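Worksheet: the structure to be examined is printed underneath.
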Amino acid sequence: MIWLLDNGHGGIIEDVYQTKTLHKKSPILPDGSILYEGEWNRKVVKKIIELSEKEDIRIVNIVPEREDIDIDERAKRVNSYDNAFVISIHMNGTDEFFTDEKRGITTFYYRHNEGRKYSWVFQDFISDVIPNRGIFEKGFRLLTRSKHPALLLECGFMNNIQDVMFLKTENGIEQLSSSILKSMLKINQIMCNDK
Ligand SMILES: [Zn+2]
């Protein structure tokens, strides 16, 4: 099986944020910086792949570009593979306000595929890093169009100070990426045993 990693939205090219959707960034943070979700998603995917080099696992980044590639095109890319599992990396929240009430990781699945069966694995491993908000069904376009099991991870809130100030650091990115990779390795193991 091959893992296909999707980094949500667009990154930054020559100081211009490529994401077309509004509010996909943090409010201005206490240190004066802003977290740009699409750029951060790319750092996480890159880190997962970097950490995976010592492991026996096949991973492809389906959006190596910094441009905000349309979701239909992303779906076309994932559907060009056989025997794959899709993980879409995002951060939750908005730049409109800060929240104290919401924080932590949410795993989204869609009923058309067997992603739900494995979503608990991500919740389990990632909750060692940030709090666990649970598993929900939602018809995100990539999840509905993917022919493979597909999960969308909303890895914390960019408008929650505790989440964002940790997750924006090198250490935060490394710990989160490592927990996602551990989940992927665990799922490989479960699938192997099921055969
Ligand atoms: Zn997003």
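The values are calculated or read from the model by the stated rules, or taken from the named source; none is laboratory data. Note that the structure is predicted; figures quoted are calculated from it, not measured. All Cβ positions, even for glycine, are placed from backbone atoms using ideal geometry, and neighbour counts span all protein chains on display.
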>> Among the residues of region 49-56, are any within 14 Å of the chain's Cα centre (by Cα) and in contact (Cβ under 8 Å) with a residue 12 or more places away in the chain?
In response: yes
> Among the numbered criteria (1) at negative phi; (2) modelled with pLDDT of 95 or more; (3) out of contact with any Cys (no Cβ under 7 Å at 6 or more places or on another chain), which single criterion is violated by Y110?
Replying inline: (2)
>> Can you confirm whether V45 is closer than 15 Å to E154 by Cα and either in contact with a helix residue (DSSP H, G or I) (Cβ under 6 Å, 6 or more places away or on another chain) or more than 16 Å from the ligand (Cβ to nearest atom) (or both)?
In response: no
> Identify, please: which residue in region 1-25 is in a loop (DSSP other than H, G, I, E, B) and more than 14 Å from the ligand (Cβ to nearest atom) and is, among those, surrounded by the most Cβ atoms within 10 Å (Cβ to Cβ)?
Replying inline: M1
> Restricting attention to region 104-146, which residues are over 21 Å from D68 (Cα atoms), basic (K, R) and more than 16 Å from the ligand (Cβ to nearest atom)?
Replying inline: R111, R116, K117
> For region 59-76, what are the residues that are more than 15 Å from the chain's Cα centre (by Cα) and surrounded by fewer than 16 Cβ atoms within 10 Å (Cβ to Cβ)?
Replying inline: E65, E67, D70, D72, E73, K76
> Would you pick out the residues in region 66-94 that are of a type in the set (D, E) and within 16 Å of the ligand (Cβ to nearest atom)?
Replying inline: E67, D68, D70
> Looking at E37, is it within 16 Å of the ligand (Cβ to nearest atom), of a type outside the set (A, V, I, L, M) and in contact (Cβ under 8 Å) with a residue 24 or more places away in the chain?
Replying inline: yes
>> For region 26-58, which positions are of a type in the set (D, E) and either in contact with a strand residue (DSSP E or B) (Cβ under 8 Å, 6 or more places away or on another chain) or assigned to a loop (DSSP other than H, G, I, E, B) (or both)?
In response: D31, E37, E39, E53, E55, D56
